[in-house]
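Working notes, structure below.
The values are calculated or read from the model by the stated rules, or taken from the named source; none is laboratory data. Just so it is clear, the structure is predicted and the values come from calculations on it, not from any experiment. Heads up, the Cβs are rebuilt from the backbone with ideal geometry, glycines too, and the neighbour counts pull from every protein chain shown. Accessible surface areas use protein heavy atoms only, side chains included; no ligands, DNA or RNA. Shrake-Rupley method; radii C 1.70, N 1.55, O 1.52, S 1.80 Å.
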Amino acid sequence: MSNALSVVIIVVALLAAAYSAVTAVRNRAMGWGDLAALGVLEVLLVVQAVVGFVKLSAGEGPGDSATFIGYLLAILVIPVAGAGWGLLERSRWGPGVIVVAGLSVAVMIERMRQIWTGTVG
């Protein structure tokens, strides 16, 4: 797992959450900016998944690779589910879903880093 890429993903996830929080506070429905932020986040997560699987296949990584793979695959669903739910909810709570999705991705990436390095957090 790439530490630099993980940091970039965490920063983008938190920025997407902050942008959507502003949208929610302004009492607006989810817009193109929110979707673009989720799109960028999803692309970064796909890159992270590819890097993770390549490194796992090369013999690097945690002793418990099943848990790591579970996180690696599950995290890919969060931005997509957040975008779908946010589009269906045409009130201020649509962007609120994206706030939760962005924060969830940031926490899951940090947990994946802990699993990768073998630290308990």
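Results, tabulated for the structure shown:
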item	result
Net charge over other residues, Cβ less than 15 angstrom from the Cβ of Asp34 (K, R count +1; D, E count -1)	+2
Alpha-carbon centroid distance for the pair the stretch 1-17 / the stretch 81-121, whole angstrom	12
Surface accessible to a 1.4 Å probe, Ser65 within the full protein complex, Å²	50
Calculated on alpha-carbon atoms, Rg and Dmax of the stretch 39-121 in Å	14.3, 47
Dipole axis of the chain (+1 Lys, Arg; -1 Asp, Glu on Cβ), positive-most option in Ile78, Val22, Ser104	Val22
Calculated FRET value between Val40 and Ile69, using beta carbons and R₀ = 25 Å, to 0.05	0.60
About the Cα centre, charge dipole magnitude for the stretch 1-117 (Lys/Arg +1, Asp/Glu -1 at Cβ), debye	320
Accessible area per residue, Å², the stretch 3-117 with all protein chains present, probe 1.4 Å	51
Selected from Ser65, Ser91, Val54, residue furthest toward positive end of dipole (the chain; charges at beta carbon)	Ser91
Cβ-defined net charge surrounding Met1, 13 Å radius [Lys, Arg +1; Asp, Glu -1]	+1
Max mean-square fluctuation residue, GNM over the chain, Cα-Cα springs under 10 Å, options Gly59, Gly94, Gly84	Gly59
Leu72, Leu87, ranked by accessible area, largest first (probe 1.4 Å)	Leu87, Leu72
Computed accessible area, Thr23, all protein chains, 1.4 angstrom probe, square angstrom	20
